[in-house]
Amino acid sequence: MKRLAFAFLLTSAALWPAGPARLDPLDEAGFRQLLAASKGKVLLVNFWATWCAPCREEMPLLVKLEAAYRARGFRLVTVSADEPEDARQALEFLQKVGVPQPAYIKRAANDDKFITAVDAKWSGALPALFLYDKSGRKVRSFIGEADFKLLETEIRKLL
Amino acid sequence: MKTMLTGGLLLLSASLVFAQTLQPGSKAPDFTLRDLSGNPVKYSSLKGDITVVTFVATKCPISNDYNTRMNALYKDYSGKGVKFVFINSNSTEPAAEVEQHAKANFSFTVYKDPDNIVADMFGAQVTPEVFVFDKDGILRYHGAIDDSRNESKVTTKSLRAALDAMLSGQAVTTAQTKAFGCTIKRTKKTT
């Protein structure tokens, strides 16, 4: 009986999405450090917000992508563009979907400068995905609802 | 494994390719909008010495957070001769919905941009997003209304600063700004 219960717990832990324990604040300097620390991995940075319906819709698909390619060196990092008063709601959503740690929330003094630091051509429209190769070079941007077939193809090419 | 995800992830499609966003210093194109009865309206008949073109939405929470501020801008600057053209380019928000939303929230007319032709022409990507033109049709300011969706946290009123400068014959100090916002929901076009 004990063994059965243990097996059930193990299965539950494997199936139940854990999600991040917290949201780490991120500014322009932190974003540059994140890119530097991710060298050697294929990195997808997802900018999203709780008020952005398409962002919420595509999050489970991004989590599936990460799970499928994590062993080959793919990492998904999320950055919430929510205001501080919505941080709790953002964290709860990420936990529910099972988004991996680390997860961030933007804490830039100036959104304009932060957006430009990520991509000079980006207007700040959400959702936005930025794909980086193992050397930390940005190879593709997806602004608006992403074409997931294309996204997966691009990730596979870089792995 | 190779194609494991491909099939399941086809649900979301439409890679959005945006036209180049109109840059400060470039000339305003003429274009045709639709009033909420479906009648064509030329931009040239709406513009003035200073014209503020604003892309808005009915469902975007960010755009809706600016409704009060957009009404205030319209009230404060219409009397000074500034013309306003509010446009809804979202394919997901039909004319009837736009009309109902405008009646409930705005003191001005909102025009429909079927198939987001004008949004593509301007390279507009977000709601709300403003483009301010001078009497020669030159773009003098592009970007956000101000620097926070939460009005109590606003520190820089960039659109008002641009309009005040133009009305007093001075150069606009900050000609372009960015802010987090909802994407304009474009018609899915086959290529």
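Annotations for the structure displayed:
- Residue check for B:Arg140: away from chain A (no Cβ under 13 Å) and either among the polar types (S, T, N, Q) or out of contact with any strand residue (DSSP E or B) (no Cβ under 7 Å at 6 or more places or on another chain) (or both): no
- Filtered residues of segment A:34-64 (kept if facing chain B (nearest Cβ under 10 Å), surrounded by 20 or more Cβ atoms within 10 Å (Cβ to Cβ) and of a type outside the set (Phe, Trp, Tyr)): A:Ala49, A:Thr50, A:Cys52, A:Cys55, A:Glu58, A:Leu62
- Residue match in segment A:30-42 (condition: in a strand (DSSP E or B) and modelled with pLDDT of 90 or more): yes
- Looking across segment B:146-176 at every residue that is in a loop (DSSP other than H, G, I, E, B) and in contact with a strand residue (DSSP E or B) (Cβ under 6 Å, 6 or more places away or on another chain), the one that is surrounded by the fewest Cβ atoms within 10 Å (Cβ to Cβ) is identified as B:Ala175.
- Residues of segment A:81-123 satisfying the condition of being of a type in the set (Val, Ile, Thr) and more than 13 Å from every other protein chain (Cβ to nearest Cβ): A:Val97, A:Val99
- Qualifying residue in segment A:123-131 (condition: touching a Cys at 6+ places or on another chain (Cβ under 8 Å) and closer than 23 Å to A:Arg156 by Cα): yes
- The set of residues from segment B:43-72 being buried (at least 20 other Cβ atoms within 10 Å of the Cβ) and of a type in the set (A, V, I, L, M, F, W, C) comprises B:Ile50, B:Val52, B:Val53, B:Phe55, B:Val56, B:Ala57, B:Cys60, B:Ile62, B:Met70.
- Candidate set from segment A:67-85 (those that are surrounded by fewer than 19 Cβ atoms within 10 Å (Cβ to Cβ) and at pLDDT 95 or above); member that is nearest to the chain's Cα centre (by Cα): A:Arg75
- Qualifying residue in segment B:75-97 (condition: acidic (Asp, Glu) and either over 16 Å from B:Lys59 (Cβ atoms) or in contact with a Gly (Cβ under 9 Å, 6 or more places away or on another chain) (or both)): yes
- Search result, residues across segment B:15-33 that are modelled with pLDDT under 50 and in contact with an Asp or Glu (Cβ under 6 Å, 6 or more places away or on another chain): B:Ser15
Matching residues to (1) within 24 Å of A:Glu57 (Cα to Cα); (2) assigned to a loop (DSSP other than H, G, I, E, B); (3) among the hydroxyl-bearing types (Ser, Thr, Tyr):
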{"position": "A:Lys96", "(1), (2), (3)": "yes, no, no"}
{"position": "A:Val99", "(1), (2), (3)": "yes, yes, no"}
{"position": "A:Thr116", "(1), (2), (3)": "no, no, yes"}
{"position": "A:Gly136", "(1), (2), (3)": "no, yes, no"}
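- Among the residues of this structure, A:Val97 does not count as one that is buried (at least 17 other Cβ atoms within 10 Å of the Cβ) and among the hydrophobic types (A, V, I, L, M, F, W, C).
- Yes/no for B:Asp120 being within 14 Å of another protein chain (Cβ to nearest Cβ), in a helix (DSSP H, G or I) and either charged (D, E, K, R) or closer than 30 Å to A:Arg107 by Cα (or both): yes
- Residue match in segment A:127-144 (condition: of a type in the set (Phe, Trp, Tyr) and within 14 Å of chain B (Cβ to nearest Cβ)): yes
- B:Lys188, sole failed condition from (1) in contact with a helix residue (DSSP H, G or I) (Cβ under 9 Å, 6 or more places away or on another chain); (2) surrounded by fewer than 17 Cβ atoms within 10 Å (Cβ to Cβ); (3) within 12 Å of chain A (Cβ to nearest Cβ); (4) in contact (Cβ under 8 Å) with a residue 40 or more places away in the chain: (1)
- Among the residues of segment A:51-62, the one identified as of a type in the set (A, V, I, L, M) and either outside any helix (DSSP H, G or I) or free of Cβ contacts under 8 Å to residues at least 12 places away in the same chain (or both) is A:Ala53.
- On the stretch given as segment A:63-93, residues that are over 18 Å from A:Ala21 (Cα atoms) and touching a residue at least 60 places away in the same chain (Cβ under 8 Å) total 5.
The values are calculated or read from the model by the stated rules, or taken from the named source; none is laboratory data. Note that the structure is predicted; figures quoted are calculated from it, not measured. Virtual Cβ from ideal backbone geometry, glycine too; neighbours counted across all protein chains shown.
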